[in-house]
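Student: Would you mind keeping the following structure in view while I ask a few things?
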Amino acid sequence: TALITGASGGLGLEFAKILAQKKYDLVLVARNEGKLYAVKNELEAEHGVSIYPYAADLSAVDAALDVFNYTLKNDIKIDVLINNAGFGDSGSFADSDWQIQYEMVQLNVVAMMQLTHCFLDPMIEQGHGKILNMSSVAAFSAGPYMSIYYATKGFVRSFSEAISEEV
């Protein structure tokens, strides 16, 4: 079973299609419940897999823990975690909306880190598992007028490389 965040569109949806084709059951996480159920209906009908949609705004504090607890409550063992959810904002940091910048860090960094922390130990215990944390070429440089986005992607890259070495 694979868990994919940001699964209602873009790369998250493409990951879902590929993994469903490979016969993975999926836990799909995104904010838009309607889109999640549309994906569920399409992929279950086309590939005969089980899809578990979970609507959540991962920029909310501890929303990632709610996702983890959902998998525990429903006895869903995660073999693949794809931390794909994220967003960016542009403009001068000094003129930016603080709440948007905060939510970007919560989603791009904290939720990714929290989900990785929650699912890593069970993967280690079962002797297998895969985690993909989506970064960006933005991780390799500073980004004037997108400073927080670039910084979050730099964190994702550095964190992921470190965890990879640890395990």
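Just so you know, all these numbers are worked out from the coordinates, no wet-lab data involved. Nothing here was measured: the structure is a model prediction, and the numbers come from that model.
Student: By how many degrees, between 0 and 90 and to the nearest 10, does the Cα long axis of helix 63-73 differ from the longest principal axis of the chain?
Tutor: Once rounded, the angle reads 10 degrees.
Student: Taking the Cα centroid of the range 103-148 and of the range 1-67, what is the distance between the two, rounded to the nearest whole Å?
Tutor: 17
Student: Here's a follow-up. Tell me the volume per residue, in Å³, of the convex hull enclosing the alpha carbons of the chain.
Tutor: It comes to 109 Å³ per residue, whole-number rounded.
Student: Taking the convex hull of the Cα atoms, report for the range 2-70 its projected area averaged over all directions, in nm².
Tutor: 4.0
Student: Also, I was wondering about something else. Taking 24 Å as the cut-off for C-alpha to C-alpha distance, list the pairs among 22/130; 35/130; 73/130 that go past it.
Tutor: 35/130
Student: If N is the number of residues in the range 70-141, what value comes out of its Cα radius of gyration divided by 2.2 N^0.38 Å?
Tutor: Relative to the rule-of-thumb radius for its length, the range 70-141 sits at 1.38.
Student: If you fit an axis through the alpha-carbon atoms of helix 147-166 and take the longest principal axis of the Cα set of the chain, what angle between them do you get, 0 to 90°, nearest 10?
Tutor: Helix 147-166 and the main axis of the chain meet at about 50 degrees.
Student: Report, to the nearest 10°, how far helix 112-126 tilts away from the longest principal axis of the Cα atoms in the chain, using its own Cα long axis and a range of 0 to 90°.
Tutor: Around 40 degrees separate the two axes.
Student: Let me ask something else. Using only alpha carbon positions, build the gyration tensor of the range 120-161, then give the equivalent ellipsoid semi-axes as the square roots of 5 times its eigenvalues, largest first, whole angstrom.
Tutor: Semi-axis lengths for the range 120-161 are 29, 7, 7 Å.
Student: Would you list which aspartates and glutamates come within 12 Å of residue 17, measuring only between C-alpha atoms, while excluding same-chain residues fewer than 8 positions from it?
Tutor: Cα-Cα hits under 12 Å: 25, 42, 44, 46.
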